[in-house]
Structures are given as structure tokens and as C-alpha cells.
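Notes to accompany the following structure.
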Amino acid sequence: MTDTPRSAALELASQPYKYGFVTDVPSDTAPLGLSEDTLRFISTKKNEPSWLLHWRLEAFRAWTSMKEPRWAKVHYPPIDYQAASYFSAPKAGPKTGPKTLDDVDPEILRTYEKLGIPLREQEILAGVTAPSVAVDAVFDSVSVATTFKKELEKHGIIFCPISEAVLKYPEMVQKYLGSVVPVRDNFFAALNSAVFTDGSFVYIPPGVTCPMELSTYFRINAKNTGQFERTLIVADHGASVSYLEGCSAPQRDENQLHAAVVELVALDDASIKYSTVQNWYPGDKNGKGGIYNFVTKRGACRGKRSKISWTQVETGSAITWKYPSCILQGDESVGAFYSVAVTNNAQQADTGTKMIHIGKNTRSTIISKGISAGRSQNSYRGLVKILRSASGARNKSQCDSLLIGDACGAHTFPVIESRQPSARVEHEASTSKVSEEQLFYCRQRGLSSEDAMALIIGGFCREVLQELPMEFAVEAQKLLGISLEGSVG
Amino acid sequence: MLEIKNLHVAIDGKEILKGIDLSLPDGQVHAIMGPNGSGKSTLSYVLAGRDGYTVTQGSVTLKGKDILSLSPDQRAAQGVFLAMQYPVEIPGVTTMSFLKTALNALRKARGQNPLDALQILKLLREKAKALDLSQELLSRAVNVGFSGGEKKRNEVLQMAVLEPSLCLLDETDSGLDIDALRVVANGVNALRAPSRSMLVITHYQRLLDYIKPDVVHVLAYGKIRQSGGPELAKELEKTGYAAFAREDA
């Protein structure tokens, strides 16, 4: 950098979101508004069986009687649910997903190329791009491509859009859908159950270790639409899988709603590692635009010795409302939550986890790192609940907050409820600031102010970042740097 | 190497340095001695470019180029290195990765290719060994949980790795026992070179038994009051700084 750091920082701050472009493709979009007819429209578009339409209708009726939650430490004007479209699909793609990449609109392929998401298996196999990641690419309301399906089928693994799973594996979907997050669970989960469009379905058969990372990349493109994806991952006895979710959206002045539901089920000795790098458009410096990210994620450790871990790096969205949780039902099951949440400018995040201990000798770990800059508000909200049945349960929680500047806020709301005297629960919390001494020390050694900040932040988040698959950890650290650009100087 | 002319520096409007003149030729080691509060640390911070110090008058050039207009990292790229009196902790960042990032940032600024992890590892091991620093320390977070001696040796390690042309050593002897002092001094002496100059800031003469300066300056109340050979340090050891009472009091 030949420029002075201060002006370089300002320059970077004026173009903070790299993924804000719009793809120009003709799309098939539902008229604005939400009613039972909207659900019928979606269901027909997707050729769904009638049980699913009934499930949607039940969810919708529940939703109409529910109130939007207001207990989170976030503020936003009332959402007009009738002003959005609940279905948008690029026209070129058939309703149930194209058969090969040649059927996909080249504009869409270019979009994923621009986002750095590998969709061409040949190139991946030839070592042109990072290997060993299978991708399901969801564009607005539909999945446009899923890679490595054949390779995975050899191991008996199912990895496909959930709309396809509904048609091909109806019994399995019916058995698990809504079994972890019931339709009436909360306002946004009920909304999602009514209008969900696509997302991924994963099934790992008994004893199989998934040979590659599975990932889904969500892209919101169309205007005035929300994205309501639904992901369901089932790991059968002794199976294991690592799954990664990524996302981005164009830069728009209006707020867009993203209300997803993710359900994980781990049977005896199974393990699921779920990682998220959340990079939805955060809005501009003054808080105009950005995604409202209201997401319900929950994993059920149904089997003995099963394991579920959530790792999240949250850098985007105007508002994040998200509590990936674990229900530790099987004896000796293990839950983990590793989180980095970054807020800058006018962003608001209320995120955390719930660990519900039911089985004996269940264990959970929570490591939460909150970083606030600008005028943002960043809250950790956590519940550790130990039922009477959970003898020998253990939890360790650690919540660290890092402040950059004087105008931001960090808050923690940890709740511990234990009905089991033999349980052991530990909670540690800290709040610190990036000190002028640290920055000067790094810069004296030759680092630019931005690199110095990225290094210090990376150190603060290390325990979480090291939980991510290697190639994503590098990406995530870069993303943290980008998210905080312009917050020093 | 370094030319300081009539340098006046204020902190929050209060003048701390009141006209410093100092000329440090290539390859020489100069010591700056003086009582507490004389402005010794201020001088080192100003030269390194820390925020909060306002230069009200004067100039500083390094190899003929003005450095006062440069940011701390740009000065580092020009070859300025400050071994700090109180090295800073950076939790979660290993000494190894800290030095890798720093060295490659400097190499980039100097138009050199970056070194890969393996080359860095080899370099660090070699340099750490010379300073009697354990390998294990390289994989620990920067200065976190380091003893006073380890912190100071880590500063010298960084100096050895980053190969600056101007080394500023701010009270490098403070908090060191005699054995640690010897190790640190040996490390510094090993770095003496015709193309490298050093400014050694110290309160006590002790350090100068090990790092032999070419010139000793006495800094008191914001000005250089006296300059001389190494014998001046010995004299001060006997007489103290009482002779340099405030002139402006």
C-alpha cells in the first residue's frame, strides 16, 4: 500500500460488499402477497405430493395466529409480509432442477463463477479448483445444480435439493421433516414451513463416512423476494458428515427477508459437523437495505454417543436472529457451538445457542466470539438447560466480546437452568478492546493498519476458525478483515 | 543513516522534546542515557511514528529521506525497528505467524518475493537458537505468558528476522537479570553491521558494558545536554544525573 493507511481505509470502506451484483435472468416469480393460494402456487410449481401441501397449509394456519417475536435486542420497522414474493425461479431451469449443467442458464453459471463456487466437476477433478467439495447451488427459490451426486451415490449417500427428495424419497422426508423444528416452533419457523421452496437434503447411510465436504450455496437474486430454504440432514448409525453453508445477495436498498430452517438428526454414534459462513448483504453504512436473517437451526442428537457441532462465522445481514441449538437426547451425546459474529456500521446481531441436556453424561461446549464495530449492536443469547434425567451432564461456555471504537455495543444474555445436582456447568465471559498498543506494535513491524486489524481479529477468533474446514477457515479470516474494513484509521 | 535536527515534540500540547540534534552515522551504535521522564521513550516513539506525538518543529531523515510524513508501517519498510520497553501481547496469534506476516509485508514493500511457511520456519528456528529461545515459544501467542526475559529476547529475535537498518532499543535491559542481559546483548551485538545503526536507550550504564557504544548522549529535560565516548557512561554511573538540572525551571 503506497497510500496513507487512513485514506486507503476510507477507500475500502466505500466498497465493502463484493458480492452485491445482480444477475440478469428472466425469472418466474409469484405475485406479491401471502395466502393459502400462494402455498398452492408453490406446491404446484414443485409438483409436490398432497401430504406436503397439507403440511404447508397447517403451518400457514398456525403462523397466522402467531406473533412476531420481539424479545431479541434488535430494532426494525414492522415487516409487511404481503409486500414480498414467495417464489422466484430462473426461467431456463426446469421445475425440479436441471439434469446437467448444460441445462443451466449460462448467466447463472457465471454468477457462481464470480462468487467462487465450483460447479463444474471436471474442473474440480482436474484440480483447477479446490477439490473434495460437493455443492448444491440454490438460486432464489430453486436449486440450479448439485455436483458429485453420482460419486456420492456410490456410497449410498443422498445429496440433493429437498424438492427432489420430496419426490424421490418421500418416506424419509416425511419421517424427519419437522421432527426437530415442529411447524409451530416459532413465528419464523412456521412461516418457513408454509412457504419453503428449496434447500438441501442429505442422508448418510449406516457406517458411512462422507468422503467429501458437502455444501450448499444460497444466493438471493430477485428483487422483492425472500428466501425460505429448508435443509434436512440425517446421519444414520455410525455415519459422519461435514457440511458447509454459504450465502450472499445483491446490494439493494430494500430489506429482504431470509427465514430458513435447518434440521439435523444424528442417530447412534453418528456425527454431523455443520459450518456456516454467513455473508448476506449487510446494508449500507447508514443501515439502509440489507437482509433480515431470521433463522431456526436445530440439531437432535437422538442416538447414543452422537455428536453435532455448529460452527458459524456471521459477518453479513442487517439483522441476524439465529440460535443454532442441540437437543442432547442420546446418552453420552455431545453438542458444540462455535461462533464468530461480526457487526459493523448499523448491523444488529442477536445470536447464540441452546443446549438442552436430556440424556445421561451428555456434554456441550459453547465458544462465542462477538466483534462489534461502528454503531452496531452485538448480543450473545444462550440457554444451557439440564433436565433431571441428564445425570453427569457437563457444559462449558465461553463468551468473549471485542469492541472496536466507542459507538458500538456488546451484550451477553446467558441463561443456565439445571435440575440435576450432578451436572457441572461453567461459564466464562470477557470483554476487551483492540488496543492502540496492539495496532502500533503490528504496524511497527510492517503491517498496514488493515492487516494489523485482521491479524488481531484472527487471533481473537482462532478457537472458532480452527473448527472450520481448512479452505473455509482461510476464506473466513479474509471475510472478517473485509467486514471490518474502514472501522479503524 | 539518521539525522535529527532541532526536533520539538509535544504530547497533548505539552512540549516534551525541546530541540534534539543527533547524527547517527552508518554502522555506529549510539547510546541515549538520561533520568526518568527526560523524554527518552518519547524520542523512540516519535522516530517509529506512534500516534499522539505532535512534531512541532524540526526534521528527521533516514538515509537522506524524510520519515516524519510516513506511517509506522512505511517507516518499518524503510528499515526502522523499535524494540519496545513493554512488548505487547497479541492473544491467539502465534509468534511464528506474526513474524511470517510481518516479514512478508516488509519483503513486499521492499519489492522482494514472499517466503513460504517452510522457509520462514527454517529461518526462525535458526535465529531463535542463536538467542537461546525455545522452539516451543514460536508456536505460542505473541508475548502471552512470556517471562520478562523471554519478551525482550523475542524483541531481539524479531529484529534479527526483520533485518532493519535502524534499530531503536528502548530500555531493552529493564527487568532482565544478568544472565538474560548477556544473552540479549550478545544477540544485539551479533546484529551489528556496517549497514546497520543502533540507538540504545537506557537508564543504566550496565547494558553498555555488553553493548559497546561509539557515542553516548545524555538526554535530560527534553534536550541533549552532553555527548561523549563510552567513558561518559562510566562517569554518569558515579555522578548520576544531578548535574543536568533543569535549565528552564
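The values are calculated or read from the model by the stated rules, or taken from the named source; none is laboratory data. What you see is a predicted model; the values in this text were computed from it and never measured. Cβ atoms come from the backbone with ideal geometry, glycine included; neighbour counts cover every protein chain shown. The accessibility values were calculated without ligands, DNA or RNA, using every heavy atom of the protein model including side chains. Shrake-Rupley method; radii C 1.70, N 1.55, O 1.52, S 1.80 Å.
Listed conditions (1) small (Gly, Ala, Ser); (2) assigned to a strand (DSSP E or B); (3) within 19 Å of residue B:97 (Cα to Cα) are all met by residue A:410, apart from (3).
Condition check ((1) in contact (Cβ under 8 Å) with a residue 24 or more places away in the chain; (2) under 28 Å from residue A:348 (Cβ atoms); (3) of a type in the set (Val, Ile, Thr)) across all residues:
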site: A:431; (1), (2), (3): yes, yes, yes
site: A:440; (1), (2), (3): no, no, no
site: A:463; (1), (2), (3): yes, yes, no
site: A:475; (1), (2), (3): yes, yes, no
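Of B:104, B:113, all but one fail to be without any contact (Cβ under 8 Å) to a residue 40 or more places away in the chain and more than 9 Å from every other protein chain (Cβ to nearest Cβ); the exception is B:113.
One residue alone among B:80, B:55 is aliphatic (A, V, I, L, M) and either within 12 Å of chain A (Cβ to nearest Cβ) or surrounded by 18 or more Cβ atoms within 10 Å (Cβ to Cβ) (or both), and that residue is B:80. Within the stretch A:303-317, being touching a residue at least 40 places away in the same chain (Cβ under 8 Å) and either within 22 Å of residue A:474 (Cβ to Cβ) or open to solvent by less than 10 Å² (accessible area, probe 1.4 Å) (or both) holds for A:303, A:306, A:308, A:309, A:310, A:311, A:313, A:315, A:316, A:317. Does residue B:169 satisfy the criteria of being open to solvent by less than 10 Å² (accessible area, probe 1.4 Å) and either within 14 Å of chain A (Cβ to nearest Cβ) or modelled with pLDDT of 95 or more (or both)? Considered against the rule, which asks whether it is open to solvent by less than 10 Å² (accessible area, probe 1.4 Å) and either within 14 Å of chain A (Cβ to nearest Cβ) or modelled with pLDDT of 95 or more (or both), residue B:169 comes out as yes.
The set of residues in the stretch B:1-37 being in contact with a His (Cβ under 9 Å, 6 or more places away or on another chain) and either basic (Lys, Arg) or in a loop (DSSP other than H, G, I, E, B) (or both) consists of B:18, B:34, B:35, B:36. For the residues A:448, A:397, A:401, A:435, the requirement of being surrounded by 19 or more Cβ atoms within 10 Å (Cβ to Cβ), within 11 Å of chain B (Cβ to nearest Cβ) and hydroxyl-bearing (Ser, Thr, Tyr) singles out A:448.
Can you spot a residue in the stretch B:112-134 that is polar (S, T, N, Q), modelled with pLDDT under 90 and either surrounded by 14 or more Cβ atoms within 10 Å (Cβ to Cβ) or more than 18 Å from residue B:191 (Cβ to Cβ) (or both)? Yes, there is a match, as at least one residue in the stretch B:112-134 is polar (S, T, N, Q), modelled with pLDDT under 90 and either surrounded by 14 or more Cβ atoms within 10 Å (Cβ to Cβ) or more than 18 Å from residue B:191 (Cβ to Cβ) (or both). Residue A:461 passes every criterion in (1) open to solvent by 20 Å² or more (accessible area, probe 1.4 Å); (2) within 9 Å of another protein chain (Cβ to nearest Cβ) apart from (1).
Taking the stretch A:28-143 and the helices (runs of 4 or more DSSP H) fully enclosed by it, the elements with 3 or more residues that are open to solvent by less than 80 Å² (accessible area, probe 1.4 Å) and at pLDDT 85 or above are at A:36-45, A:50-64.
Conditions tested, residue by residue: (1) open to solvent by 40 Å² or more (accessible area, probe 1.4 Å); (2) away from every other protein chain (no Cβ under 12 Å); (3) closer than 27 Å to residue A:402 by Cα.
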{"position": "B:50", "(1), (2), (3)": "no, no, yes"}
{"position": "B:59", "(1), (2), (3)": "yes, yes, no"}
{"position": "B:62", "(1), (2), (3)": "no, yes, no"}
{"position": "B:66", "(1), (2), (3)": "yes, yes, no"}
{"position": "B:86", "(1), (2), (3)": "yes, no, yes"}
{"position": "B:90", "(1), (2), (3)": "no, no, yes"}
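If you check A:336, A:318 for being within 30 Å of residue A:254 (Cα to Cα) and of a type outside the set (Val, Ile, Thr), only one passes: A:318.
Take the residues in the stretch A:145-198 that are polar (S, T, N, Q) and in a helix (DSSP H, G or I); name whichever of them is nearest to residue A:111 (Cα to Cα). Residue satisfying both the conditions and the ranking: A:163. The set of residues in the stretch B:184-225 that are more than 22 Å from residue B:243 (Cβ to Cβ) and surrounded by 20 or more Cβ atoms within 10 Å (Cβ to Cβ) comprises B:184, B:185, B:187, B:188, B:196, B:197, B:198, B:199, B:211.
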